[in-house]
Amino acid sequence: MASPGDPPSAAALAAQAPPLGERPLGQAPTELWALGLVMAAAPCSAREAKQILLAAADRARITAAQAAEAMVAGSLGLPVPGRVERALHRALQAARTPLPPGAFRGVGILPSRLRTEEVLSRLRGCQARLAAAPTDPGTLRAMDDVAYTLCVLMGRPTTHEAVLAAERHLLAQE
């Protein structure tokens with residue numbers, strides 16, 4: 001039995017921690033790793049990654065921490081329960097689904113192709129670095145920043161929409 005002066009056990013601390021949706025990102029290493037994996041796979045911002053992870057957890061009827069653990073386990077080649085794997089896949093797929101035409105109006109003036117290409121290249125670089133090191137705090141911040149920048153630059157509500165718009169802009173004839 002623990003005496004009043006003993007530090008709390010890891011299990012006691014975990015039980016006291018608020019759910020992922022109610023605390024800042026990165027307080028648990030597994031969650032940070034999972035969010036980095038989502039940001040690299042989607043690509044998306046930290047806010048969007050959190051939403052994707054929460055949607056997968058809700059779909060699989062598990063906690064966000066359990067979804068994060070499953071995602072990390074899968075990235076390490078460990079088995080993941082089928083329903084959890086399907087929920088993670090569907091949540092990522094939903095994030096990549098473009099909005100229907102007319103659902104969101106973009107910017108009136110498009111940015112220069114040079115600026116668009118520069119920001120899209122930075123996003124792809126962050127995406128590759130996150131795929132290699134999903135818990136690197138600097139890369140997580142950089143990906144979040146460049147995802148936001150691309151959304152603003154292209155006038156789109158999600159990173160996926162902004163990437164599609166940027167790619168269309170770069171492919172369009174002048």
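The values are calculated or read from the model by the stated rules, or taken from the named source; none is laboratory data. These numbers come from a predicted model, not from an experiment. We place every Cβ from the backbone using ideal geometry, glycine too, and count neighbours over all the protein chains shown. Just so you know, the surface numbers come from the protein's heavy atoms only, side chains and all, with ligands and any DNA or RNA stripped out. Shrake-Rupley method; radii C 1.70, N 1.55, O 1.52, S 1.80 Å.
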Mean Cβ neighbour count within 10 Å, used as a protection proxy, ranking 70-76, 32-38, 142-148 highest first: 32-38, 142-148, 70-76
Simple label model, 7 Å out from Cα along Cβ direction - Ala172 to Ala94, nm: 3.1 nm
Vicinal HN-Hα couplings computed from phi for segment 70-83 (Karplus, 6.51 cos²θ - 1.76 cosθ + 1.60; Hz; Gly/Pro x): 5, 5, 5, 4, x, 5, 8, x, 8, x, 10, x, x, 5
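Kirkwood hydrodynamic radius, computed over distinct alpha-carbon pairs, for segment 37-138: how many Å, to one decimal?
Details: mean 1/r = 0.0657 Å⁻¹.
Every distinct Cα pair counted, the radius reaches 15.2 Å.
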Student exercise, segment 34-85 dipole from Lys, Arg, Asp, Glu Cβ charges, in Debye to nearest 20: 120 debye
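Just the number, please: carbon plus sulfur as a percent of the accessible area of segment 21-84, 1.4 Å probe, no ligands or DNA/RNA counted.
Working: 1710 of 3040 Å².
Answer for segment 21-84: carbon and sulfur cover 56 percent of the accessible area.
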Mean Cβ count within 10 Å, highest first, over the residues of peptides 165-171, 152-158: 152-158, 165-171
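Sort segment 124-174 into rounded, prolate or oblate with this rule: let a ≥ b ≥ c be the square roots of the eigenvalues of the Cα gyration tensor; rounded if a/c is under 1.5, and if a/c is not under 1.5, prolate when a/b is larger than b/c, oblate otherwise. Intermediate values should be presented prior to the final figure.
On the way: a/c = 3.21, a/b = 1.99, b/c = 1.61.
It comes out prolate by the Cα gyration axes.
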